[in-house]
Amino acid sequence: KAGVTQTPRYLIKTRGQQVTLSCSPISGHRSVSWYQQTPGQGLQFLFEYFSETQRNKGNFPGRFSGRQFSNSRSEMNVSTLELGDSALYLCASSLDRVGVETQYFGPGTRLLVL
Amino acid sequence: AQSVAQPEDQVNVAEGNPLTVKCTYSVSGNPYLFWYVQYPNRGLQFLLKYITGDNLVKGSYGFEAEFNKSQTSFHLKKPSALVSDSALYFCAVRPRSGNTPLVFGKGTRLSVIA
C-alpha cells in the first residue's frame, strides 16, 4: 500500500506570496493532520481534517488554512508568507481520528521563504 | 495542558552498546504514547506505541519502550545500537479521552559511533 505523499517536496517563495501544499493520505485513511517543523519550535500541530471537516486547529494565525476533499486528499494554504514560515510541513494520515490510531507521516514539503 | 519532555537534545552511544532515549510526559489519565524516528530529509516513521497491558512495548528495527506509570515516563531502548540508528527521535502523547492532537517532544538526536 502506498504511503502518504506530499507535493511539492521543495518550494521557494518570497515574502507576501501565498502557497498551497498538497497531501494524499494512505488509501482508506480518513483523517489528515498537518504539522509545521522548525529547528527552534520542533513539531507544532496546525490542523486536522476528518470527513472534509476541520476537527482540530493549532495555535497558528488565520493565514494558515486548509481543506479536505471527498477522497480524503488535503491541501493547506499559507497566505501572505513571512520569513518565519520557512519550515518543513508534514502531513500525517490515520484510519480514524480516535486517539489510539497511529498517524503515518509523509516525507514533507520544505518551504523556504526569501 | 499536556506536554512531553525529552530531556536530552543529543545522545551519543558506541555501536553495539545499549541505547536509551528518555521521554517523560504530563497528561491527565493514561495516555497513548508513541515513538517516531526521523532520518535526514525524511518524514517521521512510526516505531511503536503503548496502548495498554504489558509495560514493555516492542516495535520496529529492534526498538522497545518501557512505560512507567508512576514516573510518567516512556523511555525508548535498544539492546545493541547500530550506526544506522543515528537519527532524530520524537516521543509523542495523546490523551485517551477527547479528540486532541498528538503532542510531540522536542526530539533527541541519537548519534551512534562506530
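The criterion of at least 2 residues that are touching a residue at least 24 places away in the same chain (Cβ under 8 Å) and within 14 Å of chain B (Cβ to nearest Cβ) is met, among strands (runs of 3 or more DSSP E) falling completely within region A:11-101, by A:19-24, A:31-38, A:42-50, A:87-94.
Screening the candidates B:33, B:56, B:48, B:44 for the property of being closer than 14 Å to residue B:91 by Cα, more than 10 Å from the chain's Cα centre (by Cα) and not acidic (Asp, Glu) yields one hit, B:44. Restricting attention to region A:105-114, the residues that are of a type outside the set (D, E, K, R), facing chain B (nearest Cβ under 10 Å) and surrounded by fewer than 21 Cβ atoms within 10 Å (Cβ to Cβ) total 1.
Scanning region B:54-76 for residues that are touching a residue at least 12 places away in the same chain (Cβ under 8 Å) and exposed (fewer than 15 other Cβ atoms within 10 Å of the Cβ) yields B:55, B:60, B:61, B:62, B:68, B:69, B:71. Considered as a group, the residues in region B:6-25 that are in a strand (DSSP E or B) and in contact with a Ser or Thr (Cβ under 8 Å, 6 or more places away or on another chain) include one that is farthest from residue B:61 (Cα to Cα), and that residue is B:25. Pairing residues of region B:78-101 that are modelled with pLDDT under 95 with residues that are surrounded by fewer than 21 Cβ atoms within 10 Å (Cβ to Cβ) and of a type in the set (Lys, Arg), at Cβ distances under 8 Å and at least 6 apart in sequence or on separate chains, gives B:99/A:55; B:99/A:97.
For region A:79-90, the set of residues classified as touching a strand residue (DSSP E or B) at 6+ places or on another chain (Cβ under 6 Å) and either among the small types (Gly, Ala, Ser) or farther than 22 Å from residue B:102 by Cα (or both) consists of A:81, A:83, A:86, A:87, listed by residue number.
Here residue B:31 meets the list (1) free of Cβ contacts under 8 Å to residues at least 40 places away in the same chain; (2) surrounded by 15 or more Cβ atoms within 10 Å (Cβ to Cβ); (3) of a type outside the set (Phe, Trp, Tyr); (4) farther than 20 Å from residue A:34 by Cα almost entirely, failing just condition (1). In region B:77-98, of all residues being hydrophobic (A, V, I, L, M, F, W, C) and farther than 28 Å from residue B:1 by Cα, the one that is surrounded by the most Cβ atoms within 10 Å (Cβ to Cβ) corresponds to B:81. Go through (1) touching a helix residue (DSSP H, G or I) at 6+ places or on another chain (Cβ under 8 Å); (2) at positive phi for residue A:111 and report which single condition fails. Condition not satisfied by residue A:111: (2). More than 11 Å from chain A (Cβ to nearest Cβ), crowded, with 18+ Cβ neighbours inside 10 Å and closer than 30 Å to residue A:87 by Cα, is that true of residue B:36? No.
The values are calculated or read from the model by the stated rules, or taken from the named source; none is laboratory data. Note that the structure is predicted; figures quoted are calculated from it, not measured. Glycine also receives a Cβ, built like all others from the backbone with ideal geometry; neighbour counts cover every protein chain displayed.
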